[in-house]
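Mind looking over this structure? Questions follow.
Values in this text are rule-based calculations from the coordinates and carry no lab data. Since the structure is predicted, the reported quantities are computational estimates derived from the model, not experimental observations. All Cβ positions, even for glycine, are placed from backbone atoms using ideal geometry, and neighbour counts span all protein chains on display.
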Amino acid sequence: MEASVILPILKKKLAFLSGGKDRRSGLILTIPLCLEQTNMDELSVTLDYLLSIPSEKCKARGFTVIVDGRKSQWNVVKTVVVMLQNVVPAEVSLVCVVKPDEFWDKKVTHFCFWKEKDRLGFEVILVSANKLTRYIEPCQLTEDFGGSLTYDHMDWLNKRLVFEKFTKESTSLLDELALINNGSDKGNQQEKERSVDLNFLPSVDPETVLQTGHELLSELQQRRFNGSDGGVSWSPMDDELLAQPQVMKLLDSLREQYTRYQEVCRQRSKRTQLEEIQQKVMQVVNWLEGPGSEQLRAQWGIGDSIRASQALQQKHEEIESQHSEWFAVYVELNQQIAALLNAGDEEDLVELKSLQQQLSDVCYRQASQLEFRQNLLQAALEFHGVAQDLSQQLDGLLGMLCVDVAPADGASIQQTLKLLEEKLKSVDVGLQGLREKGQGLLDQISNQASWAYGKDVTIENKENVDHIQGVMEDMQLRKQRCEDMVDVRRLKMLQMVQLFKCEEDAAQSTYDYGRQLLQATVVLCQSLRCTSRSSGDTLPRLNRVWKQFTIASEERVHRLEMAIAFHSNAEKILQDCPEEPEAINDEEQFDEIEAVGKSLLDRLTVPVVYPDGTEQYFGSPSDMASTAENIRDRMKLVNLKRQQLRHPEMVTTES
């Protein structure tokens, strides 16, 4: 029976064990009756509970029962005394009935108890409160009976509640912890997991129960020494003395089981953490070796142009972004594993190191694959960039070679030759760079099989190799064709330089020397198959040109002489020199200037006629128009001067 179940009854203090003892060391049970009618059932329950507290050894010494009837009726006292026979017949050795000051009828009371003595099995005496010391020492009596023993019923009741609660909780907790701890010690892993899973968390907090037990033990031990500072000294209650070793035993057992339980929890937590790490490690490994590797296997090409390589690089960056999330998990897991290794239980070191090694191997291998793929794509991009630049250079060179040669003179031919040589040199440099880039790319592709995870990449690599070699061979062929064309163009242009030189010398030298040069020119034209400037009719052409040059030169000299005469005479008149007044006033001179000017204007409009009937004008039409306009302006000025000389008054009036 627990005090908490009958707490309302116990609070009524129908009976109590004060902790006092009689001269035989038997416990004193006090039943304080009151004016109100006592509920015998509740009293019976109270007595049953109180008599369950002492040990069997203590019960064997018997009880002395004090029935305080000073505030009750005789019939109630009698009923209580009779009830003691039914409740504790073997334990009661003496019943002291404390009589009131208004004494009951002696004859009746004495007769009744005497009559029932043999049947009750214990002695019943009537005694006043001040005479109790004849049977019990004053120090074992409470203050209600003139003794010095201190008893606080509510304090005792509270301690019993705490004790019983601690005993109940600690006992239940010990069973639970024992079940958990014993389950963790089983050899069968499956049974171990089942036991721990079903009873892993105790129903109460072990720390709280331990704290309660320590506080209870401290209070029980403290009461034992009360009065040591000069107060009234008394022995503790028997139930308190019994409770101390019981509490200590429970605390020791709890500490032992709780320590084991903490170790079980630590091992379980470590195992759970290890399993979580293992699960996460396998997630990372499975993804990297599964979808991650499959993504890389699917991306084997290098593209056939700059744009294609850039598109592959962008796709690769997306793949790297997905891998970076798993690499972040790898870093976190590696830190957790390192922390566990530092904490280091020997039994887990091998497994942890194995997990760490497996995780590191897979992650480093995958990171190397990503880096290899990135470098490969970068090399492919650079290769295609060099190939594109070289192709543009070859196109430009071919464009120059395909244009028909029509140089104006030897200097332009020399400039063109220099430009061709520069472009050809640039092509040589570009082709050399393309070969270096291509060879480097081929070397990288040859290493691709090392991380192919058993996948046959021969076909894919062959396509890439064929593409690279095809580009380099195509560029080599294009360069060779351009070189051949440059050689032909170079020879042709050098011969044309010599041709121009011969023709220039022929034009600038004597007629006879020109004939000799033309003979050499015919030979060169035949070797060059060139008909643009000299051919078999070169000599007749030279004669014709020489004749035309002679006629044109004579006509040019005549016109220049007329122009000099016109401009010099006109300048003299227009300057109005005072030292030559007669010349200025000569009408014939004005007529002559006018006639020369008109004749000069007429000659400007007439072409030079060659013996073969062809005609040629000197200068362009705009040049001749400008010259004619200048002559007319001069003639107008001369006529104005003539009018001024004829009519001087006109000048004065205008002034």
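At a Förster radius of 51 Å, what calculated FRET efficiency corresponds to the Cβ-Cβ distance of MET282 and ARG134, to the nearest 0.05?
Efficiency, from the Cβ-Cβ distance: 0.05.
Can you give the FRET efficiency for ARG435 and SER360, using 1/(1 + (r/R0)^6), R0 = 56 Å, r = Cβ-Cβ distance, to the nearest 0.05?
FRET efficiency, ARG435 to SER360: 0.90.
Taking a ≥ b ≥ c as the square roots of the eigenvalues of the Cα gyration tensor of the range 593-632, is the shape rounded (a/c under 1.5), prolate (a/b larger than b/c) or oblate?
Taking the square roots of the gyration eigenvalues as a ≥ b ≥ c, the range 593-632 is oblate.
Sort the range 1-60 into rounded, prolate or oblate with this rule: let a ≥ b ≥ c be the square roots of the eigenvalues of the Cα gyration tensor; rounded if a/c is under 1.5, and if a/c is not under 1.5, prolate when a/b is larger than b/c, oblate otherwise.
The shape class here is oblate.
Okay, next question. Ordered by packing density, taken as the mean number of other Cβ atoms within 10 Å over each peptide's residues, highest first, how do 257-267, 551-561, 597-607 rank?
My ranking of the peptides, most packed first, is 257-267, 597-607, 551-561.
Suppose each label sits 7 Å from its Cα in the direction of the beta carbon; what would the ASP409-GLN322 distance come out to in nanometres?
About 7.1 nm separates the two model spin labels.
Between SER172 and ASP101, what length comes free when the chain is fully extended (0.36 nm per residue of separation minus the Cα-Cα distance, one decimal in nm)?
20.4 nm
Label points 7 Å out from Cα along the Cβ direction at VAL331 and ALA60: separation in nm?
7.7 nm
Using per-residue counts of other Cβ atoms within 10 Å, averaged over each peptide, order 138-145, 151-158 from highest down.
138-145, 151-158
Now for a different question. Between ASP633 and LEU601, what is the label-to-label distance in nm when each label sits 7 Å out along the Cα-to-Cβ direction?
Rounded to a tenth, the inter-label distance reads 1.5 nm.
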